[in-house]
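A quick write-up on the structure given underneath.
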Amino acid sequence: MQNREIAIKVTLDTQDYNIFIGFGTLKDLGDRIKDLSGKGVVISNPTIISLYGEKISKSLSEAGIDFRILSIPEGEEYKSLESASRLYDDLTEFQMQRSDFILALGGGVIGDLSGFVAATYMRGVPFIQVPTSLLAQVDSSVGGKVAVNHRMGKNLIGSFYQPRFVQIDIDTLKTLPESEFRAGMAEVVKCGFLIGKDFLSYLEMNLEDIMMLNPDTLTEVIEQCCRFKARTVEADERDFGVRAILNYGHSFGHAIEAASEYKHILHGEAISVGMVGAALIAKELGWIDQALVDRHVRLLQHVGLPIKMEGLNMNMILSRLALDKKGARGAAKFVLLRAPGRPEIVEVSHQMIERVLPNLI
Ligand SMILES: NC(=O)c1ccc[n+]([C@@H]2O[C@H](COP(=O)([O-])OP(=O)(O)OC[C@H]3O[C@@H](n4cnc5c(N)ncnc54)[C@H](O)[C@@H]3O)[C@@H](O)[C@H]2O)c1
Ligand SMILES: [Zn+2]
């Protein structure tokens, strides 16, 4: 098990690349990169550098690569144009050329920011994703969306820019804070409901092993999620159609994040509540039965995720969903299930949203 490395090929119009999934594979990065380029930078944050900087440095040095490690302070607020600008300064100072690489070592914040810089510095340099959070390993490192935040909105300034490869070292999850692991599990549970009944049952039956970071089950879970995301992105790279199914739980989820002003809740916690909301709407519409709603609640609760979030302002949630507060008019886009593995994108009426919301807040 320990030496097996899985490769998932992502085939796109612009570029093909592999997602490598394995254990203890940070040490192999140098060998993999040296065929690509002899020079580049690793972008990370102080926590991750203190944990993995030495291992990465050793691997790159031994492969004869000329590199620097660039550190961005920790936190979503540093996924900004200011951070990008600081990084451009560092890249020019290091005399980075168009064939030199940028490697993102970290969670989704580092991945999105580094990818944005890689896409724009000299109109694009080779980009490598080494995701270290569960969310980044099953979601943000796959699919090529790169961005920074703007005061008017999250991920407002961005692009599509595919990496040369993604290297997932599952070992790095051992140091991930438990709350972050649980939040990442919300995206895994989302994949369970989107992929279908077999994977959903697998998650239900193996949840304890997953939470204990059992290598075999974790590999299976990350592989399934990456394969599913890769297939979905292949079908709709630029997010004009089917890729939107990946937003299961995210309509309410994003609105809840905005209503809480992003303060004390993690993205995964918000979409956990959002998936319960989507299930309740599907039940109200007669698409699914109570048993499937209960499966959402049970699985999310077993992971340790919230199924409601008390104290949030209903009007803020409605306005974030772009609904008219007074007239009860309008509709918002939701991903709803007909069954596990059968998502559909539909408009849901204001009345229906108002009916379901009190169960969530
Ligand atoms: N590009 C996409 O398609 C996409 C998809 C989903 C989310 N995102 C973005 O991803 C970001 C969230 O990513 P995230 O949940 O990974 O958050 P994050 O990057 O902030 O990481 C969470 C925390 O865990 C720490 N951490 C990460 N790996 C660690 C490890 N192995 N050991 C110890 N600590 C570790 C980080 O330093 C951070 O404090 C958001 O900005 C979101 O917009 C992007
Ligand atoms: Zn998400």
Specify the residue that is nearest to ligand 2 (Cβ to nearest atom); the eligible residues are those in the range 138-181 that are of a type outside the set (S, T, Y), under 17 Å from E220 (Cα atoms) and not in a strand (DSSP E or B). D139
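Rundown of residues vs (1) within 16 Å of ligand 1 (Cβ to nearest atom); (2) within 15 Å of R342 (Cα to Cα), yes/no style:
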| site | (1), (2) |
| --- | --- |
| G253 | yes, no |
| G268 | yes, no |
| E284 | no, no |
| L292 | no, yes |
With respect to the numbered conditions (1) surrounded by fewer than 19 Cβ atoms within 10 Å (Cβ to Cβ); (2) over 25 Å from the mean Cα position of the chain (by Cα); (3) among the aliphatic types (A, V, I, L, M); (4) modelled with pLDDT under 95, which one is the sole condition not fulfilled by A322? (2)
Subset of the range 22-57 [in contact with an Asp or Glu (Cβ under 6 Å, 6 or more places away or on another chain) and within 28 Å of R231 (Cα to Cα)]: G22, F23, G24, T25, L26
Can you tell me which residues in the range 216-251 are away from ligand 1 (no atom under 13 Å from the Cβ) and polar (S, T, N, Q)? T217, T219, Q224, S251
For the range 118-137, enumerate the residues that are in contact with a helix residue (DSSP H, G or I) (Cβ under 6 Å, 6 or more places away or on another chain) and assigned to a helix (DSSP H, G or I). Y121, L134, L135, A136, Q137
Only residues that are within 13 Å of ligand 2 (Cβ to nearest atom) and over 16 Å from I307 (Cα atoms): list them for the range 244-273, please. A244, I245, L246, N247
Only one of K79, K34 is touching a helix residue (DSSP H, G or I) at 6+ places or on another chain (Cβ under 7 Å) and basic (K, R), namely K79
Under 6 Å between Cβ atoms, which residue pairs at least 6 apart in sequence (or on different chains) link something in the range 155-176 that is without any contact (Cβ under 8 Å) to a residue 40 or more places away in the chain with a partner that is part of a strand (DSSP E or B)? L156/H150
Within the range 170-187, how many residues are buried (at least 23 other Cβ atoms within 10 Å of the Cβ) and more than 9 Å from ligand 1 (Cβ to nearest atom)? 2
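Taking strands (runs of 3 or more DSSP E) that fall entirely within the range 1-87, which contain at least 3 residues that are surrounded by fewer than 16 Cβ atoms within 10 Å (Cβ to Cβ), at pLDDT below 95 and out of contact with any strand residue (DSSP E or B) (no Cβ under 8 Å at 6 or more places or on another chain)? Before the answer, list the steps.
Details: elements: 6-11, 16-22, 39-44, 66-71.
Passing ranges: none, list empty.
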Within the bounds of the range 58-79, is there any residue that is in contact with an Asp or Glu (Cβ under 8 Å, 6 or more places away or on another chain) and within 16 Å of ligand 2 (Cβ to nearest atom)? yes
So which residues in the range 213-228 are of a type in the set (A, V, I, L, M) and under 14 Å from the mean Cα position of the chain (by Cα), if there are any at all? I222
Of all residues being farther than 14 Å from R68 by Cα and away from ligand 1 (no atom under 16 Å from the Cβ) in the range 98-118, which is surrounded by the most Cβ atoms within 10 Å (Cβ to Cβ)? Just the residue, please. S99
Contact list please: Cβ distance under 7 Å, first residue in the range 338-360 and loosely packed, with under 14 Cβ neighbours inside 10 Å, second residue acidic (D, E), pairs at least six apart or on different chains. R338/E344; R355/E284
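Being under 19 Å from A136 (Cα atoms) and hydroxyl-bearing (S, T, Y) is the requirement here; does T25 meet it? Quick ask: steps written out before the conclusion?
Numbers: under 19 Å from A136 (Cα atoms): yes; hydroxyl-bearing (S, T, Y): yes.
Taking the combined requirement at face value, the residue satisfies it.
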The range 254-287 - residue that is closer than 21 Å to H302 by Cα and touching a His at 6+ places or on another chain (Cβ under 7 Å) and, of those, surrounded by the most Cβ atoms within 10 Å (Cβ to Cβ): I271
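The values are calculated or read from the model by the stated rules, or taken from the named source; none is laboratory data. Remember, it's a predicted structure, so these values are computed and weren't measured experimentally. Glycine also receives a Cβ, built like all others from the backbone with ideal geometry; neighbour counts cover every protein chain displayed.
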